[in-house]
Each structure stands twice: as C-alpha cells, then as structure tokens.
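Here is the structure we will look at, set down as structure tokens.
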Amino acid sequence: MNIAILSRRASLYSTKRLKEAADERGHKARVIDYLRCYMNITSHRPSVIYQGEPLAGIDALVPRIGAPHTFYGTAVVRQFEMMGVYPLNESQAISRSRDKLRSLQLLARRGIGLPVTGFANSTKDIDGLIEQVGGAPLVVKLLEGTQGVGVVLAETKKAAESVIMAFRELDANLLVQEYIKESGGSDIRAFVVGDRVVAAMMRHAPPGEFRSNLHRGGSAERVRLTPEERSTATRAAKTMGLRVAGVDIMRSNHGPVVLEVNSSPGLEGIEQTTGVDVAGKIVEFIERHATPGRTADRVRG
C-alpha cells in the first residue's frame, strides 16, 4: 500500500513513527510537505502536484496538519479526497475539530459532558458571561489558541474582567469556562483509533501552573479509564467525524468532561508514557479500512 503522510517535517517524532510503522508492515510511506503542494482543480482530472510532479497511485493519506495551516492543509486533503484517496481523517472533520466553538456545540448536542461554557461578543455582557459559568475562578480561552497558548486562569472576577476586556480590545474571539478545581491541574489524554481507546495517560501540571501540556513542563503517567470515560472519548471522536483523535478529558464532580478533541494528536507523549505502539495501531486501522473513494463525511453540522 502507498501511504502519504502530510507533514511539514519528516524529522518530527509523530511523522517518523508513522513512517516507521508503515515501513515495518511492508508499506511504502512518503512524507509530503503539504504547504509545498499545489493543486489543479478540474472536474474530470483533479490533481495534486509536489516538487513539480503529480502525486498519483496513493492509496491512503495520513494528515498531520498544524493548527496555523488548517485552511491550506485541509484544502490539500480535500483535493486528495476528490481524487478518491482514502484519508485517515477527512478534511471536513479536521476543520470541524479546529473550530472550538463549533466543536463544543456539536458535543453538547450529543449530550457529551462539557465544562460549563460561555461565549459572547460584546464587552457590555461580561458580567452576565462570568455569572453564566459560576463566577471566578474561571478559565478564558482564545478560540484560535492551541497547546495551552491563549488559555488564562482568572482567579477573581476583577481579573476575569480585565483579561476578557484585553482580549476583546484585540478583537479576539474567546470562550469562558468554569474552572474544574477538583481536577487538581490534571487531565486525561485518551487516544482514539477507530471506535476504541488504544492508549490513555494522565497529565499533571507543573507547580504553579494549571495547564498540563507536556511541552510546558507537565508530567504524565499511564492511567486506567473508567467505562464512562472510554465511552466519552469514543463518542467525542465520532461526533467530530474523526477516525483518529486525541480526546482531552477532565474528571469533575459531575463526571468526565471533554476539554478538546484534537485531530492531529502527537504520538511522543502517549507512546513513551504508555509503551503502546500507537503508530502501529494507526497503520493497522488504515490496512483494514482504506478503500478508494471512501471519503463521505456523514456528521451533521
């Protein structure tokens, strides 16, 4: 099987592991910088050109689209879909998961647990917005932020008002969420492949920090999920239309709540923490499901 991995750099851990896993199972994997692709959009013979040559004969596509390049990256994935190439995650599902507000609205519609969340446009509505999520302390999140960037813990109402005002002065869209104090600065990354969780880790924030991202100095350990947490993770991924996803969950007093569903979850932390060959499981999934022309997204919204 010919597998194309869309990634900016072949040296990235996740990209290397996916290529290694594909090579080990006898497939031919090629890393393609999606920002260097250009497209011929025609009704009869759509094509993607890379380094001056049309990309043909590809059986499956593994998109590793960075958040800053979502628009162009998903356009490239969509072009491959037009060519009948099977994508591990479809362009529409990636776009859907990158829109934090839309994601939360879809998850809420499916009855999946979420932190109490508020969204507003006018600074005149700040008091009502803060009250809506139960008051301070609360978390303010930029809709465009990733990997913990643009996430602020406001411990008092005054601090919350200042942060929200500052973000809105910059014309930034933001969410306000309740602070899950009982989580103690920890969350769970559940790695979903297909319809099951293949690996999970508990991430802990470093001292003085409330964000548990590993690249920010957090630590991680393998964790055993409850049946409810497993169901929440798989349902969240399915709601986004994602075949592979990293679902971030917090344990709250009212059950598991989903923070985010990541369409390009990193493999380094989860593999090193759990010892699970996640890359291999992704390639196994592709082997079982890669069918030419199978690109119909059936998620409403």
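The values are calculated or read from the model by the stated rules, or taken from the named source; none is laboratory data. These numbers were taken from a predicted model, which means no experiment stands behind them. When we count neighbours, we look across all protein chains shown, and the Cβ atoms used for this are built from the backbone with ideal geometry, even at glycine.
Could you grab me the full set of residues in the stretch 74-113 that are over 18 Å from Asn40 (Cβ atoms), out of contact with any Ser or Thr (no Cβ under 8 Å at 6 or more places or on another chain) and buried (at least 21 other Cβ atoms within 10 Å of the Cβ)?
Once the filter is applied, which keeps residues that are over 18 Å from Asn40 (Cβ atoms), out of contact with any Ser or Thr (no Cβ under 8 Å at 6 or more places or on another chain) and buried (at least 21 other Cβ atoms within 10 Å of the Cβ), the stretch 74-113 yields Leu88, Lys100.
Just the residues that are polar (S, T, N, Q) and in contact with a helix residue (DSSP H, G or I) (Cβ under 9 Å, 6 or more places away or on another chain), please, taken from the stretch 85-110. Reasoning before the result, please.
Let us first name the residues in the stretch 85-110 that are polar (S, T, N, Q), namely 89, 91-92, 95, 97, 103, 105.
Residues satisfying the conditions are Asn89, Ser91, Gln92, Ser95, Ser97, Ser103.
Residues are listed down the side, and each one gets a yes or a no for (1) modelled with pLDDT of 85 or more; (2) more than 25 Å from His204 (Cα to Cα); (3) β-branched (Val, Ile, Thr):
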position: Ala136; (1), (2), (3): yes, no, no
position: Val140; (1), (2), (3): yes, no, yes
position: Gln147; (1), (2), (3): no, no, no
position: Val152; (1), (2), (3): yes, no, yes
position: Lys157; (1), (2), (3): yes, yes, no
position: Asp171; (1), (2), (3): no, yes, no
position: Val176; (1), (2), (3): yes, no, yes
position: Tyr179; (1), (2), (3): yes, no, no
position: Ile188; (1), (2), (3): yes, no, yes
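Out of Glu229, Glu209, I need the residue that is at pLDDT 95 or above and over 28 Å from Ser91 (Cβ atoms). Which one? If you could, list the steps in order and put the result at the bottom.
Values: Glu209 fails: at pLDDT 95 or above.
Glu229 is the lone residue from the list that is at pLDDT 95 or above and over 28 Å from Ser91 (Cβ atoms).
Anything in the stretch 1-19 that is surrounded by 15 or more Cβ atoms within 10 Å (Cβ to Cβ) and either of a type in the set (Asp, Glu) or not in a strand (DSSP E or B) (or both)? List them, or say none.
Of all residues in the stretch 1-19, those surrounded by 15 or more Cβ atoms within 10 Å (Cβ to Cβ) come to 1-8, 12, 14-19.
Listed by number, the residues that qualify are Met1, Ser7, Arg8, Leu12, Ser14, Thr15, Lys16, Arg17, Leu18, Lys19.
Between Val76, Val31, Val62, which is outside the structural domain of Gly246 (by TED's automatic domain parsing), part of a strand (DSSP E or B) and in contact (Cβ under 8 Å) with a residue 40 or more places away in the chain?
Working: Val76 fails: part of a strand (DSSP E or B); Val31 fails: in contact (Cβ under 8 Å) with a residue 40 or more places away in the chain.
Residue meeting the stated conditions: Val62.
Between a first residue in the stretch 264-286 that is within 9 Å of Ala199 (Cα to Cα) and assigned by TED's automatic domain parsing to the domain that holds Asp195 and a second residue that is of a type in the set (Phe, Trp, Tyr) and surrounded by 18 or more Cβ atoms within 10 Å (Cβ to Cβ), which pairs have beta carbons less than 6 Å apart while being 6 or more apart in sequence or on different chains?
What qualifies is Ile270/Phe191; Val278/Phe191.
Which of the residues spanning the stretch 268-284 are more than 20 Å from Asn89 (Cα to Cα), part of a loop (DSSP other than H, G, I, E, B) and either of a type outside the set (A, V, I, L, M, F, W, C) or within 19 Å of the chain's Cα centre (by Cα) (or both)?
Gly275
Please list, ordered by first then second residue, the pairs with beta carbon atoms under 6 Å, 6 or more apart or interchain, first in the stretch 235-248 and farther than 12 Å from Arg96 by Cα, second in a strand (DSSP E or B) and modelled with pLDDT under 95.
Asp248/Asp187; Asp248/Leu259; Asp248/Glu260
May I ask you to verify whether Ala159 is surrounded by fewer than 21 Cβ atoms within 10 Å (Cβ to Cβ), assigned to a loop (DSSP other than H, G, I, E, B) and touching a residue at least 12 places away in the same chain (Cβ under 8 Å)?
Numbers: surrounded by fewer than 21 Cβ atoms within 10 Å (Cβ to Cβ): yes; assigned to a loop (DSSP other than H, G, I, E, B): no; touching a residue at least 12 places away in the same chain (Cβ under 8 Å): yes.
No, not satisfied.
With the checklist (1) out of contact with any helix residue (DSSP H, G or I) (no Cβ under 7 Å at 6 or more places or on another chain); (2) at pLDDT 95 or above in hand, flag the one item Tyr34 doesn't pass.
Failed condition: (1).
Quick one: in the stretch 243-271, which of the residues that are among the hydrophobic types (A, V, I, L, M, F, W, C) and over 17 Å from Ala108 (Cα atoms) is surrounded by the most Cβ atoms within 10 Å (Cβ to Cβ)? Please lay out each step first, then the result.
The initial filter retains those residues of the stretch 243-271 that are among the hydrophobic types (A, V, I, L, M, F, W, C), namely 244-245, 247, 249-250, 257-259, 261, 267, 270.
Filter once more, so that each one left must be over 17 Å from Ala108 (Cα atoms): 244-245, 267, 270.
Numbers: Val244: 24, Ala245: 27, Leu267: 24, Ile270: 24.
So the residue we want is Ala245.
Which of the following residues is of a type in the set (Gly, Ala, Ser), closer than 11 Å to Leu6 by Cβ and surrounded by fewer than 17 Cβ atoms within 10 Å (Cβ to Cβ): Gly26, Gly57, Gly66, Gly52? Reasoning before the result, please.
Working: Gly26 fails: closer than 11 Å to Leu6 by Cβ; Gly57 fails: closer than 11 Å to Leu6 by Cβ; Gly52 fails: closer than 11 Å to Leu6 by Cβ.
None of the other options fit; the residue is Gly66.
Kindly check whether there is at least one residue in the stretch 33-56 that is within 22 Å of Leu242 (Cα to Cα) and among the small types (Gly, Ala, Ser).
No: zero hits.
Return only the number of the condition from (1) touching a residue at least 12 places away in the same chain (Cβ under 8 Å); (2) over 28 Å from Glu20 (Cβ atoms); (3) assigned to a helix (DSSP H, G or I) that Pro256 does not satisfy.
Among (1) touching a residue at least 12 places away in the same chain (Cβ under 8 Å); (2) over 28 Å from Glu20 (Cβ atoms); (3) assigned to a helix (DSSP H, G or I), Pro256 violates only (3).
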